[in-house]
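The structure appears below as structure tokens.
The values are calculated or read from the model by the stated rules, or taken from the named source; none is laboratory data. Bear in mind that the values here come from a model prediction, so they are computed numbers and not experimental data. Reconstructed Cβ throughout: ideal geometry from the backbone, glycine too, with neighbour counts over all protein chains shown. Just the protein is used for accessible areas: all its heavy atoms, side chains included, with ligands, DNA and RNA removed. Shrake-Rupley method; radii C 1.70, N 1.55, O 1.52, S 1.80 Å.
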Amino acid sequence: MKLKNYKMSIALRKPIELFRKTWMQIALSIILILPLAIGFSLLYKAWPLLNPDDLGKLLFGSVWSPSQGNFGLFPFISSSVFVAGVGLIIMIPVCLSSAIYITQFAPRWISRILRAAIDILAGMPSVIFGLWGVITIVPIVGNWAKQQGAQNPTGYSILAAGIVVSISVMPYVLNMLLELFESVTSELKETALSLGASHWQAIKDVFLKKLKPGIIASFTLGMSKSFGETIAVLMVVGNVVQIPARIFDAGYPLPALLANNYGEMMSIPMYDAALMLSALILLLIVVFFNYLSHKVIRHYQAKA
Amino acid sequence: MRINKYQTENIVKIVLGIVTLLIVVVLFSIIAGIFIKGIPALSWDIVSQIPKGGYYFGKEGGILNAIIGSLYLAVGASLIACIISIPVALFIHTYLFQFPKIQKRIRLWLDVLWGVPPIVYGAFGFNLMLLMGWPTSLLAAIITVSLLISPVMIRAMDETLQHVSKDLFESALSLGFYKGEIGFRFLFKQAIPGITTAFLMALGKGIGDTASVLFTAGYTDYIPESLTEPAATLPLAVFFQLSSPIPEVKARAYAAATVLTIIILVISISSRIISKKLSKNRTT
């Protein structure tokens, strides 16, 4: 009886292995095809709107009136860039200092607590960040805007969106930075110290130089995440179609455009094409930034 | 007065420490802010009932439909994501073992996929749904979310598999095992802590993601009974109810956010505990 089972399992070994291999290959091809499928499906849907003469008007036009067939996406693109830029400016000092502090200076128990906090932040859904923005950040920004005598004193503004987006992307960037700072060999540190540098001098003059490509790449990826942040930004940015000029102005980024209008996109001709085009632009921005970060690393690696 | 390098270092330490403290303060203010607003609005009725007539004008009912919908969606999507990601992660480490260049390319590709914003997945899911002729349904949402979380899962598993010693693969191969057998029997077992945390991470993402299901889930006041029915999810409940002008409904948005935060915190903390426990007896 036992021998029979054994023979059975031997006979089945090869077909089972074949099954495993096919399953693996199918799964892998799904993953490999997915980005292309996303790109092509969006391109296909946006195609009716894409003719070469109108492309300039589409991307840089500022008139948005779907019912008249005017789809100028520039207010949305500029809002997106503005929000991501403000987010980046807030993110850079905070992320760099905490990465340095956690990996270099903090006692073990503090760094353990901080890492746990970062992990929990990383798991927070974006709607929670948005809600937090509405409760905490918007009133603060609103007060500040009133003091400055801004035109839009509500607080629902580019600045509020920038702050919220920087917080929601921070854990993602921080995790990359932490890994980076941990990769520095102790040899490098010891050499710097033995030459008479203080710990901070070693960090400032040796580590930061050595890690520069990785740091730039991390922030580039963080920037691309900020472009895609939808719900959190949408809840605090004000959603007014205009080209924002100041940080207290309300804006209307691309993801918000998509999220707010998907309901009515079937009712107006070409509206769905315009929305799918905005999704395509988002996708291209993200792929571009990924490529950029990859290039940065490659460039410095080739030099070293 | 000039300060020397040791004084500089001490000042820098304090400044960096204060900036870092900001992270904890922000986390605390998020949790506290939501709990302070949400807990007064929370009651047994809210978590145990579905919306009743006049719910959206501040009358009776609760968000049970959204809680159940979110759980269905997240569990379904995580399971499908497992079916896709486990073999991919194992494939990278078995059949592609001797091709580091291809491994690198795949990782790069996965990073790109990881960076694609949820809203773009949502738009893609919507197109897919129209193409297949599905209605807005739980199924469409599950598939969209599973595609969204697969790359995250694969990357997390890949990370743990990289720490499994290469000798294990080579010695098993020399004993005559097929590559797939090594993957599913040995590497899989070694990577269980990583796979568990990856699963929980995906679960949390599935429960919390709003943008990707906005197009596909639809929204309903009922608990979905089959895959083809629309479903409500917690983040959507927060999002829709917050825009209501009626204070009672708005308060329920905070209640829903509180429930969501608690679920996420439970997942996050239990994943830490589980990964600690599981990796205790392992050498990797």
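What's the total number of residues in the range A:48-105 that are of a type in the set (Phe, Trp, Tyr) and farther than 28 Å from A:LEU159 by Cβ?
Just the residues of the range A:48-105 that are of a type in the set (Phe, Trp, Tyr), to begin with: A:60, A:64, A:71, A:74, A:76, A:82, A:101, A:105.
Now narrow it down to the ones that are farther than 28 Å from A:LEU159 by Cβ: A:105.
Here the count works out to 1.
Considering only residues that are farther than 24 Å from B:THR144 by Cα and assigned to a helix (DSSP H, G or I), which ones fall in the range B:241-264?
Filtering the range B:241-264 for residues farther than 24 Å from B:THR144 by Cα gives B:242-255, B:258, B:262.
Scanning the range B:241-264 gives B:LEU242, B:PRO247, B:GLU248, B:VAL249, B:LYS250, B:ALA251, B:ARG252, B:ALA253, B:TYR254, B:ALA255, B:THR258, B:ILE262.
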The listed residue being modelled with pLDDT of 90 or more, out of contact with any Asp or Glu (no Cβ under 7 Å at 6 or more places or on another chain) and of a type in the set (A, V, I, L, M), out of B:ILE67, B:ILE80
B:ILE80
Quick check: is even one residue across the range A:160-181 within 10 Å of chain B (Cβ to nearest Cβ) and in a loop (DSSP other than H, G, I, E, B)?
no
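Go through the range A:39-69 residue by residue and tally those that are over 16 Å from A:LEU283 (Cα atoms) and without any contact (Cβ under 8 Å) to a residue 24 or more places away in the chain.
Result for the range A:39-69: 12.
Considering the range B:74-83 alone, what residues qualify as being surrounded by 24 or more Cβ atoms within 10 Å (Cβ to Cβ) and more than 13 Å from B:ILE195 (Cα to Cα)? Walk me through it before giving the result.
Step one: of the range B:74-83, the residues surrounded by 24 or more Cβ atoms within 10 Å (Cβ to Cβ) are B:74, B:77-78, B:81.
Result: B:ALA74, B:ALA77.
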Based on this model, can you work out whether A:LYS14 counts as loosely packed, with under 13 Cβ neighbours inside 10 Å, away from chain B (no Cβ under 14 Å), over 24 Å from the mean Cα position of the chain (by Cα) and assigned to a helix (DSSP H, G or I)?
no
I'd like to know if the range A:118-140 contains one or more residues that are crowded, with 20+ Cβ neighbours inside 10 Å, part of a helix (DSSP H, G or I), away from chain B (no Cβ under 11 Å) and touching a Ser or Thr at 6+ places or on another chain (Cβ under 9 Å).
yes
Take A:VAL241 and decide whether it is among the hydrophobic types (A, V, I, L, M, F, W, C), open to solvent by less than 20 Å² (accessible area, probe 1.4 Å) and either free of Cβ contacts under 8 Å to residues at least 60 places away in the same chain or in the same structural domain as A:GLY149 (by TED's automatic domain parsing) (or both).
no
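Residues are listed down the side, and each one gets a yes or a no for (1) at pLDDT 85 or above; (2) touching a Gly at 6+ places or on another chain (Cβ under 6 Å); (3) closer than 17 Å to B:VAL47 by Cα; (4) within 13 Å of chain A (Cβ to nearest Cβ):
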| position | (1), (2), (3), (4) |
| --- | --- |
| B:LEU214 | no, yes, no, yes |
| B:PRO230 | no, yes, no, no |
| B:LYS250 | no, no, yes, yes |
| B:ALA256 | yes, no, yes, yes |
| B:LEU260 | yes, no, yes, yes |
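Which residue, of B:VAL249, B:VAL266, B:VAL238, B:VAL259, is of a type in the set (Val, Ile, Thr) and more than 21 Å from the chain's Cα centre (by Cα)? Reasoning before the result, please.
Details: B:VAL266 fails: more than 21 Å from the chain's Cα centre (by Cα); B:VAL238 fails: more than 21 Å from the chain's Cα centre (by Cα); B:VAL259 fails: more than 21 Å from the chain's Cα centre (by Cα).
Step by step, each of B:VAL249, B:VAL266, B:VAL238, B:VAL259 is checked, and only B:VAL249 is of a type in the set (Val, Ile, Thr) and more than 21 Å from the chain's Cα centre (by Cα).
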Is the range A:51-62 home to any residue that is surrounded by 17 or more Cβ atoms within 10 Å (Cβ to Cβ), more than 8 Å from chain B (Cβ to nearest Cβ), at pLDDT below 85 and in a helix (DSSP H, G or I)?
yes
Have a look at A:TYR101, A:TYR44 and point out the one that is in a helix (DSSP H, G or I), at the interface with another protein chain (Cβ under 7 Å from one of its Cβ atoms) and either in contact with a helix residue (DSSP H, G or I) (Cβ under 8 Å, 6 or more places away or on another chain) or surrounded by fewer than 19 Cβ atoms within 10 Å (Cβ to Cβ) (or both).
A:TYR101
Residues that are modelled with pLDDT of 85 or more, at the interface with chain A (Cβ under 10 Å from one of its Cβ atoms) and open to solvent by 50 Å² or more (accessible area, probe 1.4 Å): does the range B:165-175 have at least one?
no
Kindly establish whether A:ARG108 is open to solvent by 10 Å² or more (accessible area, probe 1.4 Å), more than 7 Å from every other protein chain (Cβ to nearest Cβ), in contact (Cβ under 8 Å) with a residue 24 or more places away in the chain and closer than 21 Å to B:LYS276 by Cβ.
no
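Can you name every residue in the range A:171-184 that is open to solvent by less than 10 Å² (accessible area, probe 1.4 Å) and either within 12 Å of A:LEU88 (Cβ to Cβ) or of a type in the set (D, E, K, R) (or both)?
Of the range A:171-184, the ones open to solvent by less than 10 Å² (accessible area, probe 1.4 Å) are A:171, A:173-174, A:177-178, A:181.
Residue satisfying the conditions is A:VAL173 alone.
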What residue, among those in the range A:263-304 that are at the interface with another protein chain (Cβ under 10 Å from one of its Cβ atoms) and over 16 Å from A:GLY228 (Cβ atoms), is least open to solvent (accessible area, probe 1.4 Å)?
A:MET265
Output yes when any residue across the range B:232-240 is in contact (Cβ under 8 Å) with a residue 24 or more places away in the chain and part of a loop (DSSP other than H, G, I, E, B), and no when none is.
yes
